[in-house]
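Written below as structure tokens is the structure these notes are about.
The values are calculated or read from the model by the stated rules, or taken from the named source; none is laboratory data. Keep in mind that what you see is a predicted model, and the values were worked out from it rather than measured. Every residue, glycine among them, receives a Cβ derived from its backbone with ideal geometry; neighbour counts consider all protein chains shown. Keep in mind that these areas ignore ligands, DNA and RNA; they rest on the heavy atoms of the full protein, side chains included. Shrake-Rupley method; radii C 1.70, N 1.55, O 1.52, S 1.80 Å.
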Amino acid sequence: MLLLLPATTKELADSMKIDEGIIGEGLEDLVRKGLVIPRIKDKKTSYFFVRSTLQFHDSSGIYEPAGEEFQELWKQWRETEFYELCREWERMPVPLMRVFPYPQAVKNAFRMLPHEDLNAIIAGARKIAVVKCVCRLLMKHCQRPLEVCMTFDAAADFALRRGVGKAIHADEAREISRQCSQEGMVPSNMNGARVTAMCFCCPDCCIFIQPQRQYGYRLLAPSRYEAVVDSDACNGCQSCEALCHFAAIQMEKSDSSESIRAVVHPEKCYGCGVCVVNCPVEAITLKPARPPDYIPEFGPRY
Ligand code: SF4
Ligand code: SF4
């Protein structure tokens, strides 16, 4: 049946000479398992085989009834053949994913673009469903919160239909974002203006941050922002240096004083705002560093 896709249930029933109801049940099972993606156009549902290894990883990896042996196979793939895919992704004209800034970290957040402002994205969503982070579920390299990835609107409908998501209200989504910011997790998603989901990533398991940090693959673009430290306000506690997953902050002595202060190296900063949210004396802010048209209208197809 998979070889005949894309097709509607009727087209499959006709070509396979099997009852359409049986075909429909089989397709729904494959949708739940993450091998087949339904698309509705002009009130007609067509079914597509997953279009890429990444889509297959994300959709099937999150289907827990597949069992531990199946999850272990994805983990083995991540540790071996996956790096071939990283080399392919690196050849894309822009990085596949982009970091999003925590809105509470941005100075003058009211000037944020609606498609980069997580609070605005949450407020504007018709439906929100939270799903488990597929990277942490499969890799199990850290103990950070698992049920934090947000899906919006059609993506939320799809997660609920598959039974892999839980519907949440906007205030619950904002609370998840707040908790993730305190855990030092980095908001990220596809590098385009249309936001269908939001991940909260860690350096240990994330399919993009881990290879970028460990091997230097260019898979993530920074947000439009960068961190700026008020060195008069900084007390040298070093929390920000420890929390930054991109090694963008170093503690340095100033010429006039023996005490150390945080210094941001802008070329390494991804503008996530984790340092800002966790600074005990509010000595860091995120300021715009790139123009609005830095965000591509359409992200790269993967
Ligand atoms: S967290 Fe704040 S106070 Fe601590 S070193 Fe960083 S900027 Fe300074
Ligand atoms: S310095 Fe590090 S933690 Fe702070 S915004 Fe930049 S990348 Fe994020």
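What is the residue count in segment 206-234 for residues that are over 16 Å from the mean Cα position of the chain (by Cα) and surrounded by 18 or more Cβ atoms within 10 Å (Cβ to Cβ)?
Residues meeting the conditions: 7.
Please go through segment 261-277 and give me each residue that is under 20 Å from Leu118 (Cβ atoms), open to solvent by less than 40 Å² (accessible area, probe 1.4 Å) and out of contact with any Pro (no Cβ under 6 Å at 6 or more places or on another chain), ordered by number.
Matches in segment 261-277: Cys269, Cys272, Val274, Cys275, Val276.
If I ask for residues that are open to solvent by less than 40 Å² (accessible area, probe 1.4 Å) and either under 15 Å from Cys206 (Cβ atoms) or among the acidic types (Asp, Glu) (or both), which ones from segment 39-76 would you list?
Residues satisfying the conditions are Leu54, His57, Gly61, Ile62, Trp74.
Taking segment 146-162 only, how many residues are over 14 Å from the mean Cα position of the chain (by Cα) and either assigned by TED's automatic domain parsing to the domain that holds Val50 or assigned to a loop (DSSP other than H, G, I, E, B) (or both)?
Pass one, segment 146-162, residues over 14 Å from the mean Cα position of the chain (by Cα): 153-154, 156-162.
In the following step, the residues that additionally are either assigned by TED's automatic domain parsing to the domain that holds Val50 or assigned to a loop (DSSP other than H, G, I, E, B) (or both) were identified as 153.
Result for segment 146-162: 1.
Which of (1) in contact with a helix residue (DSSP H, G or I) (Cβ under 7 Å, 6 or more places away or on another chain); (2) of a type in the set (A, V, I, L, M); (3) within 20 Å of Arg98 (Cα to Cα) is the odd one out, the single condition Ile295 does not satisfy?
(1)
Hey, could you check segment 245-260 for residues that are free of Cβ contacts under 8 Å to residues at least 24 places away in the same chain and more than 31 Å from the chain's Cα centre (by Cα) and say which is most open to solvent (accessible area, probe 1.4 Å)?
Filtering first and then ranking leaves Asp255.
Please enumerate the residues belonging to segment 278-295 that are within 13 Å of ligand 1 (Cβ to nearest atom) and not in a loop (DSSP other than H, G, I, E, B).
Ile284, Thr285, Leu286
Collect the residues in segment 89-109 that are under 18 Å from Cys275 (Cα atoms) and at pLDDT below 95, keeping them in residue-number order.
Matches in segment 89-109: Lys107, Asn108, Ala109.
Which residues, counting only those in segment 34-81, are within 26 Å of Met198 (Cβ to Cβ) and of a type in the set (D, E, K, R)?
Result: Arg39, Lys41, Arg51, Asp58, Glu64, Lys75, Arg78.
What number of residues within segment 235-244 satisfy the criterion of being within 14 Å of ligand 2 (Cβ to nearest atom) and either open to solvent by 20 Å² or more (accessible area, probe 1.4 Å) or without any contact (Cβ under 8 Å) to a residue 12 or more places away in the chain (or both)?
Result for segment 235-244: 6.
Is it true that Ala193 is of a type in the set (A, V, I, L, M), more than 13 Å from ligand 1 (Cβ to nearest atom), over 30 Å from Lys140 (Cβ atoms) and in contact (Cβ under 8 Å) with a residue 24 or more places away in the chain?
Details: of a type in the set (A, V, I, L, M): yes; more than 13 Å from ligand 1 (Cβ to nearest atom): yes; over 30 Å from Lys140 (Cβ atoms): yes; in contact (Cβ under 8 Å) with a residue 24 or more places away in the chain: yes.
Yes.
Of the conditions (1) open to solvent by 30 Å² or more (accessible area, probe 1.4 Å); (2) touching a residue at least 40 places away in the same chain (Cβ under 8 Å), Pro203 satisfies every one except a single condition; which number is it?
Single failed check for Pro203: (1).
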